[in-house]
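Novice: The following block contains the structure, expressed as structure tokens.
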Amino acid sequence: MLRFLLLGLLLLPLGAQKKTWTDEEVMAVHRSAVLIDGHNDVTSRTVRGWDISSEKDARHTSIAKLRAGGTAAQFFAAYVSAGLIESGGSARRALEMIDTIRHDIAARHPAHFMLATTADGIEAARKSGRIAALIGIEGGHAIENEPRLLRAFYDLGARYMTLTHTRNLEWAGSSAEKDNRGLSELGRRIIAEMNRLGMMVDVAHVSDRTFWDVIEASRAPVFSSHSSARALSNIPRNMSDDMIRAVAKKGGLVMINLGCEFISQRSADTSPWINPSLPKNARCAQATLDEVVAHFEHIRNIAGVDFIGLGSDFDGVSCTPAGLEDVSKWPNLTRRLLEKGFTPEEIRKIYGGNFLRFMRAVEQAAQELSRTAPAGLSAAR
């Protein structure tokens with residue numbers, strides 16, 4: 001019965017809209033998608049010894065929640081605190097965070113996770129009934145200004161690097177700083193080496209000037225692993241309409257961050273993270289599911305549905321929207337997208353099809369660059 005129901009949904013014309021959807025219909029669409037989440041910070045807990053298979057003290061992420069939500073592939077953040085820029089130890093911390101993904105998550109739970117490094121690997125994990133576990137480095141200070149470390153991190157499985165976090169680097173500017181610093185010549189060398197390796201360039205935390213410099217410098221598509229639309233919540237971490245269009249023109253995508261402040265202007269205006277004058281214990285207004293969907297609608301309207309993805313930032317944000325409290329709640333988003341007129345095919349693109357296309361484009365660019373610049377770093381100088 002479910003097979004015939006799914007076939008009928010697959011054959012819906014692109015513009016078809018149903019006013020009501022049964023739970024069975026929603027789940028048929030949901031299960032037909034390869035759900036890829038671009039950013040999750042549960043690693044900051046597993047690196048301290050918490051077991052992702054445990055429900056005790058679980059926040060947004062656990063194996064049971066990932067399974068319930070239908071996650072097919074999860075990028076886990078190898079997050080490196082910007083505080084290490086001055087004190088030292090950024091590369092060591094990146095290694096610790098990569099290790100917790102490879103061993104505390106993937107190797108410790110092989111029945112549930114398969115470490116993946118390619119788009120084909122994501123699809124292979126899905127076919128095996130496991131969740132693809134992927135690695136993204138958050139914070140370019142992890143390489144300590146040495147492009148050669150990119151190759152070492154790539155060999156360990158890292159497939160993207162967020163260029164900055166909350167502090168400017170010598171070679172790139174952060175959206176959290178006021179001087180709007182751009183890429184230096186070293187920064188351009190780092191982008192070139194990432195392109196050559198096939199490491200995806202993540203602009204999630206960069207300054208506006210660095211963003212435009214990256215668009216010019218990168219020879220492969222770029223993406224934001226966890227940002228939303230600035231037109232709907234005007235915070236520096238979100239992307240302007242012109243930035244979204246530029247990412248789309250380059251063949252990349254914007255993966256929507258579910259943190260309340262990223263989604264709702266009401267939330268941003270009441271958040272002590274955005275407004276330091278507020279008491280530190282103040283609670284921001286909770287975003288709604290409709291406000292989440294508005295970001296998908298906005299990007300579809302200005303750039304197209306082919307350039308949207310999911311980048312939840314679960315376990316890295318303090319407030320999540322009502323109805324999307326953790327990774328088990330993804331079906332609620334599927335229902336609301338359907339109710340708002342998104343077709344099953346559009347949802348499959350947003351949930352994973354767009355990312356697989358983007359990742360393969362980066363892989364293809366690396367193959368082409370390796371043929372034309374086999375010397376690697378020396379060719380990028």
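The values are calculated or read from the model by the stated rules, or taken from the named source; none is laboratory data. Just so it is clear, the structure is predicted and the values come from calculations on it, not from any experiment. Neighbour counts run over all protein chains shown; Cβ positions are idealised from the backbone, glycine included.
Novice: Across the range 342-380, what is the number of residues that are within 20 Å of the chain's Cα centre (by Cα) and either closer than 22 Å to N301 by Cα or at pLDDT below 95 (or both)?
Specialist: Number satisfying all stated conditions: 13.
Novice: Separate question: Would you please list the contacts, defined by Cβ atoms under 6 Å and residues six or more apart or on different chains, that run from a residue in the range 218-235 that is surrounded by fewer than 24 Cβ atoms within 10 Å (Cβ to Cβ) to a residue that is at pLDDT 95 or above and assigned to a strand (DSSP E or B)?
Specialist: S218/V201; R230/M239
Novice: Does the range 77-98 include one or more residues that are modelled with pLDDT of 95 or more, among the basic types (K, R), surrounded by fewer than 18 Cβ atoms within 10 Å (Cβ to Cβ) and over 27 Å from M161 (Cβ atoms)?
Specialist: Scanning the range 77-98 turns up no residue that is modelled with pLDDT of 95 or more, among the basic types (K, R), surrounded by fewer than 18 Cβ atoms within 10 Å (Cβ to Cβ) and over 27 Å from M161 (Cβ atoms).
Novice: Could I ask something else about it? Look at E123 and say whether it is in contact (Cβ under 8 Å) with a residue 40 or more places away in the chain and surrounded by fewer than 19 Cβ atoms within 10 Å (Cβ to Cβ).
Specialist: Yes: the conditions hold for E123.
Novice: Ok, one more. Scan the range 236-257 for residues that are in contact (Cβ under 8 Å) with a residue 60 or more places away in the chain and among the aliphatic types (A, V, I, L, M) and jot them down.
Specialist: Correct list: I244, V247, L253, M255.
Novice: Could I ask something else about it? From the list G311, G304, G251, G323, pick out the single residue that is among the small types (G, A, S) and in contact with a strand residue (DSSP E or B) (Cβ under 6 Å, 6 or more places away or on another chain).
Specialist: G311
Novice: Please find, within the range 211-231, the residue that is farthest from L258 (Cα to Cα) out of those that are out of contact with any Phe, Trp or Tyr (no Cβ under 7 Å at 6 or more places or on another chain) and aromatic (F, W, Y).
Specialist: So the residue we want is W212.
Novice: Just to confirm my filter: which helices (runs of 4 or more DSSP H) fall fully inside the range 45-149 and include at least 2 residues that are closer than 22 Å to E325 by Cα and among the basic types (K, R)?
Specialist: Output list reads 63-69.
Novice: When both residues are 6+ apart or on different chains and their Cβ atoms are under 6 Å apart, which pairs have a first residue that lies in the range 142-154 and is touching a residue at least 12 places away in the same chain (Cβ under 8 Å), and a second that is among the acidic types (D, E)?
Specialist: N145/E170; P147/E193; L150/E193
Novice: Here is a further query. Please go through the range 42-65 and pick out each residue that is surrounded by 21 or more Cβ atoms within 10 Å (Cβ to Cβ) and charged (D, E, K, R).
Specialist: K65, the sole residue that qualifies.
Novice: Please enumerate the residues belonging to the range 47-66 that are under 19 Å from the mean Cα position of the chain (by Cα) and not hydrophobic (A, V, I, L, M, F, W, C).
Specialist: Result: R59, H60, T61, S62, K65.
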